[in-house]
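Every read-out reported here was derived from the displayed coordinates using simple, explicitly stated rules and does not represent laboratory data. Just so it is clear, the model here is predicted, and its values are computed rather than measured. Quick reminder, even Gly has a Cβ in these numbers, built from the backbone with ideal geometry, and neighbours come from all protein chains shown.
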Amino acid sequence: AVSEKAPRFFENKVAVVIGGASGIGAALCRLLAEEHATVVVADLNIQSAQELAQELGDTAGAFQVDVAVPESVQTLIENCVAAHGAIHLVINSAGVLAAGSARDFTDADWSRVLGINLHGVASATMAAYRVMVDQGFGHVVNVASLSGLNAPPFFLPYVTSKYAVVGMSIALRAEAAPHGVKVSVVCPGNVATPMISGLASKPSWLSPTIAPERAAREILRGIRLNKPVIVFPAYARI
């Protein structure tokens, strides 16, 4: 729990975390709840989302969302506004990974990865952005990857999606500023999430994995500072 003297930047703010039932998203939900934010755990896995919301307490809620379906994302945002009156923070942390040789990726692989990692993030970003422009405030945070700044081989659809999210976020940030809306993009190194643990080859000792809780702390710090690009850990910044 956060002490009474600790700064609570997110206190009484409505935070929607898409992909919030596991990994970095779940860690973010827990930290936001500690700061007394109203947390909306949005995920395709509604059972896990509901379990986490119950763990977080009375101010948390759960919504089922399929980021690959724009109407589902729009409904999520509309329901959150109807329930809470405003949205202060939307974090897009849902994502999928595809690994392999470039020549082996199928159209279905490309469609799945881009549908979730790019089109899903774009749908959620724009749905939230329109609401925030009308409000005159808000912060959209898109979780990309270090792979969106420094492209590794053998993850071609994933890298493509993350580069696109970085570019979209930086471009929108400039457009959003006059409306009082902030936009940040997160580019973490390897984080110990189910997505990383499912890889056949493990990350090098030169780029070790960090815990989701540490990643969440870095992200919230970057949000407080309104950083345009939030990069961590140290090896990633280097």
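Odds and ends about this structure:
- Gain on full stretching of the segment that runs from Ile170 to Glu213 - 0.36 nm per residue minus C-alpha separation: 12.9 nm
- Hypothetical label at Leu149: residues of region 168-184 whose amide nitrogen lies under 18 Å (7 Å Cα-Cβ projection): 168-174, 183-184
- Full extension of the chain between Ala177 and Ala86 yields a length gain of 30.9 nm, computed as 0.36 nm times the residue separation minus the alpha carbon distance.
- Crossing angle, helix 121-135 versus the chain [Cα axis fit, 0-90 degrees, rounded to tens]: 20 degrees
- The long axis of helix 70-84 is offset from the longest Cα principal axis of the chain by roughly 20 degrees.
- For Val186, nonlocal amide neighbours, meaning residues 5 or more places apart or on other chains whose placed amide H falls under 5 Å from its own, are Asn142, Val143, Ala144, Ile230.
- Separation between Cα centres of region 52-118 and region 143-196, rounded to whole Å: 15 Å
- Here, region 15-65 yields an orientationally averaged convex hull projection of 2.6 nm² when only Cα atoms define the hull.
- Normalised by 2.2 N^0.38 Å, where N is the number of residues, the alpha-carbon radius of gyration of region 45-183 equals 1.13.
- Table column - 3J(HN,Hα) (Hz), region 16-31, Karplus curve with 6.51, -1.76, 1.60, x for Gly and Pro: 9, 10, 8, x, x, 8, 8, x, 4, x, 5, 5, 5, 4, 5, 5
- Alpha-carbon spread of the chain, three principal axes, descending order, Å: 49, 38, 37
- Computed 3J(HN,Hα) for region 154-171, one whole-Hz value per residue from the Karplus formula 6.51 cos²θ - 1.76 cosθ + 1.60 where θ = phi - 60°, is 6, 9, 4, x, 4, 4, 4, 5, 6, 4, 5, 5, 4, x, 4, 5, 5, 5, glycine and proline marked x.
- Taking amide H positions as modeled 1.01 Å from N, with prolines and chain starts lacking one, the residues under 5 Å from Phe63 and 5 or more places away or on another chain are Val41, Ala42, Asp43.
- According to the Cα-based calculation, Rg over Rh for region 74-142 is 1.13, with Rh computed by the Kirkwood formula.
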